[in-house]
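Trainee: Shown below is the structure under consideration.
The values are calculated or read from the model by the stated rules, or taken from the named source; none is laboratory data. Nothing here was measured: the structure is a model prediction, and the numbers come from that model. A quick note on method: Cβ atoms are made from the backbone with ideal geometry, for glycine too, and the neighbour counts reach across all protein chains shown. The protein model used for the area step is the full one, side chains on, heavy atoms only, and it has no ligands, DNA or RNA in it. Shrake-Rupley method; radii C 1.70, N 1.55, O 1.52, S 1.80 Å.
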Amino acid sequence: MKDLKSLLECNDRFALITGATGNLGKVISKTLAEIGFNLILNDIDLDKLIQLKNELNIKYKVKIFNFDCNLEKEDERVEFIKKIKKDFSQINCLINNAAFVGTRDIEGWNTPFEKQSLDSWRRAFEVNLTAPFHLIQGIVPNMNNSKNPSIINVGSIYGHYAPDWNLYNGTEINNIAAYSTSKGGIIQLTRWLSTTLAPKIRVNAISPGGILRNQSKKFIEKYSSKAPLKRMANEEDFIGAFTFLSTDMSLYVTGQTLKIDGGWGLS
């Protein structure tokens, strides 16, 4: 019978993490490096990737490979997939973490429903749903050659629930239809792939609740009052979930979405 230490043993395994330099991406990268994964890091900004690699190299004795690729661009994804298939015979874990969350200066994004644009809708779906589909389809052969391969898609609680508009009244934040709908799509794609890629590859998702960033005090108070644990999440709240689903601790788990929301969805 395996013990806990052996279930967590990931030396000589390779994990591909998209959106690696974002707030959550950094925590995922550090977590997997700590348990022994060699890392294949993707993001749009090469300088930030180099900085993250340098930070990780100080503490962890793992191999780290950087690939800057704009996942919104199909031609860049095609080249990225070619490089991965050529350079890595095995991929033990793929974490689709990159997301189009947009910024307030993107026209037709952080705005009321009637002003949300088709362009921002398409951009969100390209990054949040089409890119994961494309990457998974491209590197499945590498994963099939790997030991106990696992795919983890990052969803959102808004892929499960309708927005509570009381949280947004009186704030500068809007709930975006394209973000919520694309995250609902990645959750369904997770279920679909779990039977399609079985029995070799496990496919699961993690749906974060609201993560404390730079939201207004009013929004933080409203959100926290709705969650049974009475606070928003921190990135560190997701360490256990990514460890569980990326390692042999979850060898009999597939097709599941783990909601990490402080009980928000119960209210």
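Trainee: Mind checking the angle between helix 23-34 and the chain's longest principal axis? C-alpha axes, 0 to 90 degrees, to the nearest 10.
Mentor: Helix 23-34 sits at roughly 20 degrees to that axis.
Trainee: Here is the link list: K26/K83; K83/K200; K73/K147. Which ones come out longer than 26 Å on Cα distance?
Mentor: Over 26 Å apart, Cα to Cα: K73/K147.
Trainee: Taking the inverse of the average 1/r across all pairs of different Cα atoms in the chain, what Kirkwood radius in Å do you get?
Mentor: 19.0 Å
Trainee: Pick out, from L229, L189, I81, the residue whose Cα sits farthest towards the positive end of the charge dipole of the chain, with +1 on the Cβ of Lys and Arg and -1 on the Cβ of Asp and Glu.
Mentor: Going by the charge dipole, the pick is L229.
Trainee: Kirkwood Rh over Cα pairs of the range 38-107 into Stokes-Einstein at 25 °C, 0.890 mPa s: D in µm²/s?
Mentor: Stokes-Einstein gives a translational diffusion coefficient of 179 µm²/s.
Trainee: Carbon and sulfur: what percent of the range 170-230's accessible surface (1.4 Å probe)?
Mentor: That share works out to 57 percent.
Trainee: Note down the nm distance, to one decimal, between modelled labels 7 Å out along Cα→Cβ at S6 and at K217.
Mentor: Taking the two extended label points, one gets 5.5 nm.
Trainee: Okay, moving on. Taking a probe of 1.4 Å, how large is the accessible area per residue of the chain, in Å²?
Mentor: Accessible surface, normalised per residue, equals 50 Å².
Trainee: So, one more: Give me the number: length gained by fully extending K230 to D75, i.e. 0.36 nm times residue separation minus the C-alpha to C-alpha distance, one decimal in nm.
Mentor: 51.4 nm
Trainee: Given a cut-off of 16 Å, what percent of all Cα-Cα pairs of the range 127-220 lie beyond it?
Mentor: Roughly 61 percent, rounded to a whole number.
Trainee: Which percent of the accessible area of the range 2-159 is formed by carbon and sulfur heavy atoms (probe 1.4 angstrom)?
Mentor: Carbon-and-sulfur percentage of accessible area, whole number: 50.
Trainee: Mind running the shape call on the range 100-257? Use the C-alpha gyration tensor, a ≥ b ≥ c as the square roots of the eigenvalues: rounded below 1.5 for a/c, prolate if a/b tops b/c, oblate otherwise.
Mentor: The shape class here is oblate.
Trainee: Next question, about the same structure. Once you order the gyration tensor axes a ≥ b ≥ c over the Cα atoms, which shape class does the range 174-255 get: rounded for a/c under 1.5, otherwise prolate or oblate by comparing a/b with b/c?
Mentor: Judged from the Cα gyration tensor, the range 174-255 comes out oblate (a/c at least 1.5, b/c at or above a/b).
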